[in-house]
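K.L.:
Here it is: the structure, laid out below.
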Amino acid sequence: MFRLTMESPDDYWEVEYLLDLAFGQGRRSLSSYRLRESVGPVRDLCFVAREAAGFVSGSIRYWPITIGKERFDALLLGPIAVHPIMQGEGLGSLLIRHSLRVAEERGWERVVLVGDESYYGRFGFRKTGCLEFPAPTDPARILAMSLVAGSFAGVSGTVQAAETDGELT
């Protein structure tokens, strides 16, 4: 049994440890991290999952981005991590489904991520072929999902960090 809560500042180091455990120390060199450097996460969409003893077993974060010259607003999903001993128990699915539902309730229309369609396809993510990420990113791994039907119609171009005044809540 897992308990989902919104990530708090007190969770920071435990989540960072989990991310290092799941992705290694080199994770910060990934192209998606460049989109996160200059902006804070969307705090009300960042969740942790705790197991019965209270340890963080999973985490998901979202970041504000814009797409193309028109600067269409969207969310960048990730990172999402599940402790290795908890993988295969549905925790990643729980975090994704819960956070996407909250994002839709909060009025977000589009979500983008870099990942495997074989995993994320079950949640509705698909290759678009019309989005560009900072290099090096395999274009075949750029996936998108509309939270509002048709919200990606006419949306194409380069994915960029959103211009904000700090963390979004």
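The values are calculated or read from the model by the stated rules, or taken from the named source; none is laboratory data. All values derive from a computational prediction rather than experimental measurement. Using ideal geometry, Cβ is built from the backbone for each residue, glycine included, and neighbour counts are taken over all protein chains shown. In case anyone asks, the SASA skips ligands and DNA or RNA and just uses the protein heavy atoms, side chains included. Shrake-Rupley method; radii C 1.70, N 1.55, O 1.52, S 1.80 Å.
K.L.:
Can you work out the accessible area per residue across the chain, with the rest of the protein chains kept in place, probe 1.4 Å, in square angstrom? Spell out each step's value before the answer.
P.N.:
Numbers: 8630 Å² over 169 residues.
Normalised by residue count, the accessible surface of the chain is 51 Å².
K.L.:
Here is a further query. Tilt of helix 91-105 relative to the longest C-alpha principal axis of the chain, in degrees (0 to 90, nearest 10)?
P.N.:
So the helix axis and the longest Cα principal axis differ by about 50 degrees.
K.L.:
Another one. Taking N as the number of residues in the chain, what value does Rg over Cα atoms divided by 2.2 N^0.38 Å take?
P.N.:
Values: Rg = 15.2 Å, N = 169, 2.2 N^0.38 = 15.5 Å.
My calculation over the Cα atoms of the chain gives 0.99.
K.L.:
Apply the Karplus parameterisation 6.51 cos²θ - 1.76 cosθ + 1.60, with θ equal to phi minus 60°, to every residue of segment 81-90 and state each ³J(HN,Hα) to the nearest whole Hz, in sequence, with x for glycine and proline.
P.N.:
9, 10, 4, x, 6, 9, 5, x, 9, x
K.L.:
Compare the peptides 71-83, 89-101 by average per-residue count of other Cβ atoms within 10 angstrom and give them in order, highest first. Mind dumping the intermediate values first?
P.N.:
Working: 71-83: 21.2, 89-101: 17.4.
So the order, starting with the most tightly packed, is 71-83, 89-101.
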